[in-house]
Amino acid sequence: MNTQQYNISDNNFEQCLKCTVCTVYCPVVPVNPNYPGPKQAGPDGERLRLKRGEFFDEALKYCLNCKRCEVACPSNVRIGDIIQLARIKYSQKKPSLRDMILANTDIVGTLSSTFAPIVNTTVALKPVKAVMDSVLKIDKHRTFPKYAGQTFVSWFKKNAADKQELYPNHVSFFHGCYINYNYPQLGKDVVKVMNAIGYGVHLLEKEKCCGVALISNGLINQAKKQAHINIESIRKSVNEEKRPVIAASSTCTFTIRDEYPHLLQVENDDVRDSVELATRFIYRLLEEGKVKLKFRDTQPVRVAYHTPCHMEKLGWGYYSIELLRQIPHLDLVVLDSQCCGIGGTYGFKKENYPTSQGIGESLFNQIKAAGVQYVATDCETCKWQIEMSTPYEVKHPISILAEAIDVEGTMKLNK
């Protein structure tokens, strides 16, 4: 092979104009000098890696895959994808025990939910955190989200499933790991709001973790296997049952829509546009005049909205913001769109903790200065980061909507 002429790539790095605006917007560059930045790690490095894989730089592990470089790029170069694909193809680093624990959310969630009170108490103990810090390299400053004693799926099957066929319209719900194992209340809120506007909610035939944690921790084959299972279930819902699929997590939604074909080569062209966030789905129905909301009379509340990185990449922050603005008693402060620094499992790793907190510092300061009662966001890991780094509670827009609506009044409006 003539390596001087070998420049063939499946990605679009040739469109890079070398303007470096991606480096300007990269949240890692200002706080971690070991990261070469998205331009060097992405398009520039790809030119070298095409010649010889030995040019791969393990410093690409410092990219937290926020995709803000792609949002900023005027040429639509998929810089984040180029970096992640290079890690998948060339990295010699094998997943550690810690990486496998952090990535396997379904297995860990199933085991932990069974013994939730014991697990929650144990992992919060300082001596246990110290051991995890020194042995597993999970930073001692981190606190794992608590596990629920009853999963969302278990609650849904016992309390809600039989009633869903009574509604005139129907959707399937990709609940994700966080709702199922850690915070079933958000799933209950989705069911409450959707039922109130006349939509029955159904589970997919099979659902696995979306795979984002597996991808970021190098467990690609497992991620592909789970992606195939999810897409086949989504395909059945959309094509056979005629039910669009909604989700509450911006990262799960982004992964299913964009990371499956780009990083895992799992095609989803036939169903991609039928997978969307619940906030966008509801907002569209409201704008089209197909549903109405009636709100309760409650005390005014001032809330700050944080736009998650993958929400920014989807371009869907508008829908959650405008939906919240329809709540009469809610005074909404939209924070500057910036990365919180957690990057899923990235910020839990000891070696990334200083970078993670350095990235999030300006966001934390803006929240503290906003004079709000609590924060809203569509991403569960952004919620963890903000709650671990500020005194403020973080709620999902759907939960805020569920608290604000008059359920009976809303149901009457939508009969």
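The values are calculated or read from the model by the stated rules, or taken from the named source; none is laboratory data. Remember, it's a predicted structure, so these values are computed and weren't measured experimentally. Here the Cβ is made from the backbone with ideal geometry for all residues, glycine too, and neighbour counts use every protein chain on show. Side chains included, ligands, DNA and RNA excluded: accessible areas come from the protein's heavy atoms. Shrake-Rupley method; radii C 1.70, N 1.55, O 1.52, S 1.80 Å.
When Thr381, Thr377 are checked against the criterion of being among the hydroxyl-bearing types (Ser, Thr, Tyr) and touching a Pro at 6+ places or on another chain (Cβ under 7 Å), Thr377 stands alone in meeting it.
The number of residues in region 294-316 that are surrounded by fewer than 16 Cβ atoms within 10 Å (Cβ to Cβ) and of a type in the set (Asp, Glu) comes to 1. Among the criteria (1) within 26 Å of Val108 (Cβ to Cβ); (2) touching a Lys or Arg at 6+ places or on another chain (Cβ under 9 Å); (3) not hydrophobic (A, V, I, L, M, F, W, C), the one Lys188 does not fulfil is (2).
Quick check on Glu46: is it in contact with a helix residue (DSSP H, G or I) (Cβ under 8 Å, 6 or more places away or on another chain), modelled with pLDDT of 95 or more and charged (D, E, K, R)? So Glu46 does not fit the description; no. Does Leu335 qualify as being within 21 Å of the chain's Cα centre (by Cα) and crowded, with 21+ Cβ neighbours inside 10 Å? So Leu335 does not fit the description; no. Cβ-Cβ distance below 6 Å, separation of 6 or more or different chains: which pairs start in region 218-230 with a residue that is closer than 16 Å to Asn65 by Cβ and end on one that is open to solvent by 50 Å² or more (accessible area, probe 1.4 Å) and in a helix (DSSP H, G or I)? Close Cβ pairs (under 6 Å, with a partner that is open to solvent by 50 Å² or more (accessible area, probe 1.4 Å) and in a helix (DSSP H, G or I)) amount to Ile220/Ile88. Under the condition of being under 17 Å from the mean Cα position of the chain (by Cα) and more than 25 Å from Pro328 (Cα to Cα), which residue from region 265-293 is surrounded by the most Cβ atoms within 10 Å (Cβ to Cβ)? Filtering first and then ranking leaves Val275.
Entry remark, region 47-75: residues being open to solvent by less than 20 Å² (accessible area, probe 1.4 Å) and acidic (Asp, Glu) number 1 in total. Only one of the listed residues (Arg78, Arg142, Arg87) is over 30 Å from Gly200 (Cα atoms), of a type in the set (D, E, K, R), in contact with a His (Cβ under 7 Å, 6 or more places away or on another chain) and buried (at least 16 other Cβ atoms within 10 Å of the Cβ). That residue is Arg78. Number of residues in region 94-113 that are among the hydroxyl-bearing types (Ser, Thr, Tyr), open to solvent by 20 Å² or more (accessible area, probe 1.4 Å) and closer than 18 Å to Tyr181 by Cα equals 2. Scanning region 313-338 for residues that are polar (S, T, N, Q) and in contact (Cβ under 8 Å) with a residue 60 or more places away in the chain turns up Ser320, Gln338. In the set Glu14, Glu70, only one residue is more than 26 Å from the chain's Cα centre (by Cα) and among the charged types (D, E, K, R); that residue is Glu14.
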